[in-house]
Each structure stands twice: as structure tokens, then as C-alpha cells.
Amino acid sequence: MNAIMSNFDIDTGNRSASQNWEGLSELDQALRENRLMEYRIKKAWADPWGRKLTIIGGFVIVAVFAFLAGASFGLW
């Protein structure tokens with residue numbers, strides 16, 4: 001099976017993305033480098049509401065854990 005194939009799939013990683021699609025190219029690069037979770041965390045931390053919810057959620061988790069640990073040691 002001899003087929004003429006272009007280097008379209010291979011060369012796309014070497015081209016720089018245009019400025020009009022900068023956000024999508026950043027996501028595409030994150031997917032290509034298998035770091036989608038890091039991309040999502042950075043985007044959520046950059047958002048003021050996302051940052052506040054993350055801090056409040058972390059505080060609630062720590063407070064519940066502290067309450068349960070204190071209750072198991074008989075502090076209250």
C-alpha cells in the first residue's frame with residue numbers, strides 16, 4: 001500500500017500559532033504535552049472567583065479534618 005502522505009501532522013508542532021487564536025493554541029500545546037491538568041489549575045487560579053472558591057474550599061476541608069481529629073482525641 002503506497003500512498004503519498006504529507007508532513008501535515010508532523011510539522012504542525014513546529015509552527016508558531018497566530019495571535020488571533022492564542023488561547024486555543026495554548027490549550028492545544030497543553031494537550032500535546034500532556035499537561036492539561038496544569039493548564040486547568042493555572043486558568044482557575046488566574047480567575048479571581050476561582051481563586052476565592054479554591055481557598056474557601058481548602059479551608060473548609062482543613063476545618064472539617066481538624067474538627068474530626070479533635071473529636072477523635074476527645075478535645076470536644
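The values are calculated or read from the model by the stated rules, or taken from the named source; none is laboratory data. This one's a predicted model, so the numbers in the text were calculated from it and none came from an experiment. Cβ atoms come from the backbone with ideal geometry, glycine included; neighbour counts cover every protein chain shown. Ligands, DNA and RNA are excluded from the accessible area calculation, which covers all protein heavy atoms including side chains. Shrake-Rupley method; radii C 1.70, N 1.55, O 1.52, S 1.80 Å.
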Within the bounds of region 6-17, is there any residue that is modelled with pLDDT under 70 and of a type in the set (Asp, Glu)?
-> yes
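Looking only at region 30-45, how many residues end up being in a helix (DSSP H, G or I) and open to solvent by less than 70 Å² (accessible area, probe 1.4 Å)? I'd like the intermediate steps shown before the answer.
Of the residues in region 30-45, the ones in a helix (DSSP H, G or I) are 30-32, 36-45.
Checking which are open to solvent by less than 70 Å² (accessible area, probe 1.4 Å) leaves us with 30, 36, 39, 44.
Adding up the residues that qualify gives 4.
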When region 46-76 is examined, which residues are found to be surrounded by 10 or more Cβ atoms within 10 Å (Cβ to Cβ), under 21 Å from the mean Cα position of the chain (by Cα) and of a type outside the set (Gly, Ala, Ser)?
-> Asp47, Arg51, Lys52, Leu53, Thr54, Ile55, Ile56, Phe59, Ile61
